[in-house]
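> I have a structure I would like to understand better, so I am pasting it below and will then ask my questions one at a time.
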Amino acid sequence: MAKRALITGLTGQDGAYLAHFLLGKGYEVFGLVRRSSHRGIDDHRLRWIGIEDRVQVIDGDLADLSSLMRAVETVQPDEFYNLAAQSFVTSSWRQPILTANATAIGVVNALEALRTIRPAARFYQASSSEMYGLIQEPCQSEKTPFYPRSPYAVAKLYGHWITVNYRESFGLHASSGILFNHESPLRGTEFVTRKVTSAVAAIKCGLAEKLSLGNIDARRDWGHARDYVRAMWLMLQQTEADDYVIATGRTTTVREMCRIAFEHVGLDMDRHLVIDPALYRPAEVDVLLGDSSKARKMLDWAPLITLEEMIAEMVEADIARLEAPQLEKA
């Protein structure tokens, strides 16, 4: 029989790519989706990659343990991927309690549902490089101390450690992927990479003149979401559960990422980029650079898509959206 996977955050970037990947592996894929007045447009990423009719949607909410328990009872998953969260860092300062409920407490709710109903299932928790925050080492590995710098990162840290605790306390096969920044054409436009590529597309098409950003000297380790969901799956195929950093090992400034995007369409970045101090974060994470040597050795994982290839793909996708507005915007 085909394996069954239950994904929270199905309609997000990672959820959509993971569902596509698992379908290719012959899985039955179920997604937990929070009831919303926007139902009908919240599956646009699934439609963008052509799998909206191949996944089975179950209503539920990470903040509601009873709905999680019903979902686990219904699906009887072999693998449970917890990707749902309030994941926009900037919003976490404006909505710290919502962030805590979804991004922290939601994790223990998911673990409790599995422990109670399906303890043999394998669990993946989406941890984040934002947990490193004010970095304690120039290159961050699984052993680097954490120093979160936002309510989002603090909530992610709770989710990470409660996953470790359930693994050690109850013997669950529960692994965390400490994923560094990963992007794609499915990224939301509130995130800086997609904000850049969508603005570059609009400028190229004559629909805009300027791109406003905050701190463009912040450095990030950017990879492609398609590479990173493959790492998620590999973690749950291991005999023993563990935690892994997933990163490219290359750090790039926002400024240079912008330059790559503008140069792809033959535009001069300096003519269009505007620095807006209002867009600076209250507490900045200046540099993130991941050491994924453990994942490369233990999982035989390595990124296949370069930053330049990813940014080019994102710009071209955003141009296509503008030129064919009947396509749903991801």
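The values are calculated or read from the model by the stated rules, or taken from the named source; none is laboratory data. Note that the coordinates shown come from a computational prediction; the quantities given were computed from them, not determined experimentally. In this analysis, Cβ positions are derived from the backbone assuming ideal geometry, glycine residues included, and neighbour counts consider all displayed protein chains.
Residue by residue, here is whether (1) at positive phi; (2) of a type in the set (Ser, Thr, Tyr); (3) free of Cβ contacts under 8 Å to residues at least 40 places away in the same chain; (4) part of a helix (DSSP H, G or I) holds:
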| position | (1), (2), (3), (4) |
| --- | --- |
| Tyr81 | no, yes, no, no |
| Ala84 | no, no, no, no |
| Trp93 | no, no, no, yes |
| Leu98 | no, no, yes, yes |
| Gly106 | no, no, no, yes |
| Glu112 | no, no, no, yes |
| Arg115 | no, no, no, yes |
| Pro119 | no, no, no, no |
| Ala126 | no, no, no, no |
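> Going through segment 169-183 one residue at a time, which ones are more than 9 Å from Ala241 (Cα to Cα) and hydrophobic (A, V, I, L, M, F, W, C)?
Correct list: Phe170, Ile178, Leu179, Phe180.
> Determine whether segment 171-187 contains at least one residue that is out of contact with any strand residue (DSSP E or B) (no Cβ under 9 Å at 6 or more places or on another chain), without any contact (Cβ under 8 Å) to a residue 60 or more places away in the chain and either part of a loop (DSSP other than H, G, I, E, B) or under 23 Å from Ser129 (Cβ atoms) (or both).
Yes, segment 171-187 has at least one match.
> Separate question: State all residues of segment 219-241 that are surrounded by fewer than 19 Cβ atoms within 10 Å (Cβ to Cβ) and part of a loop (DSSP other than H, G, I, E, B); if no residue qualifies, say none.
Within segment 219-241, Gln237, Gln238, Thr239, Glu240 qualify.
> Looking at (1) of a type outside the set (S, T, N, Q); (2) at pLDDT 95 or above; (3) surrounded by 17 or more Cβ atoms within 10 Å (Cβ to Cβ); (4) under 19 Å from Val192 (Cα atoms), which one does Leu273 not meet, given that it meets all the others?
With respect to (1) of a type outside the set (S, T, N, Q); (2) at pLDDT 95 or above; (3) surrounded by 17 or more Cβ atoms within 10 Å (Cβ to Cβ); (4) under 19 Å from Val192 (Cα atoms), Leu273 is out only on (2).
Each row is one residue, and each column tells you yes or no for (1) closer than 21 Å to Tyr17 by Cβ; (2) at pLDDT 95 or above.
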{"residue": "Ile178", "(1), (2)": "yes, yes"}
{"residue": "Arg187", "(1), (2)": "yes, no"}
{"residue": "Thr193", "(1), (2)": "yes, yes"}
{"residue": "Ala199", "(1), (2)": "no, yes"}
{"residue": "Ile203", "(1), (2)": "no, yes"}
{"residue": "Met232", "(1), (2)": "yes, yes"}
{"residue": "Met235", "(1), (2)": "yes, yes"}
{"residue": "Glu256", "(1), (2)": "no, yes"}
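> Which of the residues that make up segment 35-54 are modelled with pLDDT of 90 or more and over 9 Å from Ala16 (Cβ atoms)?
Arg47, Gly50, Glu52, Asp53, Arg54
> Starting from residues that are hydroxyl-bearing (Ser, Thr, Tyr) and crowded, with 20+ Cβ neighbours inside 10 Å, keep the ones in segment 129-156 and report whichever is nearest to Trp222 (Cα to Cα).
If we take residues in segment 129-156 being hydroxyl-bearing (Ser, Thr, Tyr) and crowded, with 20+ Cβ neighbours inside 10 Å, then Ser129 is nearest to Trp222 (Cα to Cα).
> Could you run through segment 75-92 and say how many residues are in contact with a Pro (Cβ under 8 Å, 6 or more places away or on another chain) and of a type in the set (A, V, I, L, M, F, W, C)?
0
> Which residue out of Ala201, Ala153 is part of a helix (DSSP H, G or I), small (Gly, Ala, Ser) and closer than 23 Å to Ala102 by Cα?
One residue alone meets the criteria, Ala153.
> Residue by residue through segment 253-290, note down the ones that are in contact (Cβ under 8 Å) with a residue 40 or more places away in the chain and of a type in the set (Lys, Arg).
Within segment 253-290, just Arg281 meets the criteria.
> Then there's this: Can you tell me which of Ala120, Ala126, Ala100 is in contact with a helix residue (DSSP H, G or I) (Cβ under 8 Å, 6 or more places away or on another chain) and surrounded by fewer than 24 Cβ atoms within 10 Å (Cβ to Cβ)?
None of the other options fit; the residue is Ala100.
> Any idea which residue in segment 242-270 is surrounded by the fewest Cβ atoms within 10 Å (Cβ to Cβ), counting only those that are of a type in the set (Gly, Ala, Ser) and assigned to a loop (DSSP other than H, G, I, E, B)?
Looking at residues that are of a type in the set (Gly, Ala, Ser) and assigned to a loop (DSSP other than H, G, I, E, B), I get Gly266.
> Out of the residues in segment 158-170 that are among the hydrophobic types (A, V, I, L, M, F, W, C) and in contact (Cβ under 8 Å) with a residue 40 or more places away in the chain, state the one that is surrounded by the fewest Cβ atoms within 10 Å (Cβ to Cβ).
Phe170
> Name every residue in segment 287-308 that is closer than 17 Å to Val229 by Cβ, touching an Asp or Glu at 6+ places or on another chain (Cβ under 7 Å) and part of a loop (DSSP other than H, G, I, E, B), in order of residue number.
Pro303, Leu304, Ile305
> Between residues in segment 50-62 that are free of Cβ contacts under 8 Å to residues at least 40 places away in the same chain and in a strand (DSSP E or B) and residues that are buried (at least 18 other Cβ atoms within 10 Å of the Cβ) and of a type in the set (D, E, K, R), which pairs lie under 8 Å by C-beta distance while being six or more apart or on different chains?
Gln56/Glu28; Asp59/Arg34
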